[in-house]
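Shown next, in structure tokens, is the structure this report addresses.
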Amino acid sequence: GLEGIVAKDKSSTYQPGKRSRHWLKVKHSRTANLVVGGYTFGGGARKELFGSLLLGAYDHGKLHFVGSVGGGFSKPDLEFTYAAITQLHTPDSPFVGAPDVEKFLFWCQPVLAVQVNYGEFTELRHLRFPVFSALRPDVNAADCTFDSILGEG
């Protein structure tokens with residue numbers, strides 16, 4: 001349940017406020033398959049595509065928002081994902097209680113699964129430090145449940 005560990009050269013000294021090549025933080029990473037329920041419109045370097053994917057997991061048949069992911073995409077990942085999600089627009093949020101997102105967004109039919117790496121789930125069941133890993137066309141979106149993520153199913 002720890003965030004990670006710190007490895008250090010045993011002969012090195014602690015230097016307050018400074019990073020040293022002699023101390024290395026190694027974060028524990030987890031992986032989950034999640035459902036795309038929408039996306040924020042682009043901005044910055046990718047203004048013509050999307051900014052981040054809005055992700056969810058099912059609990060008792062209802063899709064709950066768990067966070068968004070905007071990092072980790074290669075250029076081909078971005079283009080392929082954008083082509084897929086633009087075909088899935090829907091007027092209503094697929095999430096139980098629409099997430100409070102400050103950016104312009106589009107809702108999607110919750111049929112596309114993606115794999116993300118993340119640091120942890122908070123007590124409120126939101127992702128911390130999510131990074132896109134892969135599209136998962138082989139995963140049924142309905143199988144992306146909290147139980148499967150948390151190892152309970």
Problem set entry | Which numbered condition residue 49 fails, given (1) surrounded by 18 or more Cβ atoms within 10 Å (Cβ to Cβ); (2) in contact (Cβ under 8 Å) with a residue 60 or more places away in the chain; (3) over 30 Å from residue 147 (Cα atoms); (4) of a type outside the set (Ser, Thr, Tyr) | (2)
Seminar exercise, completed: The correct count of residues that are closer than 29 Å to residue 141 by Cβ and part of a loop (DSSP other than H, G, I, E, B) in the range 4-29 is 2
For this session: Search the range 72-95 for residues that are within 19 Å of residue 130 (Cβ to Cβ) and pair each with any residue that is of a type in the set (S, T, N, Q) when their beta-carbon atoms are under 8 Å apart and the residues are at least 6 apart or on different chains.
Result: 72/117; 72/133; 73/81; 94/109
Exercise. Tell me, which strands (runs of 3 or more DSSP E) lie completely within the range 43-148 with 3 or more residues that are under 12 Å from residue 33 (Cα atoms)?
Worked result: 50-59, 113-118, 131-135
Seminar exercise, completed: Flagged in the range 110-133 as modelled with pLDDT under 95 and either farther than 14 Å from residue 30 by Cα or basic (Lys, Arg) (or both), in numbering order, are 123, 124, 125, 128
Problem set entry | Condition met for residue 32 (farther than 23 Å from residue 134 by Cβ and outside any loop (DSSP other than H, G, I, E, B)) | no
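The values are calculated or read from the model by the stated rules, or taken from the named source; none is laboratory data. These numbers were taken from a predicted model, which means no experiment stands behind them. Using ideal geometry, Cβ is built from the backbone for each residue, glycine included, and neighbour counts are taken over all protein chains shown.
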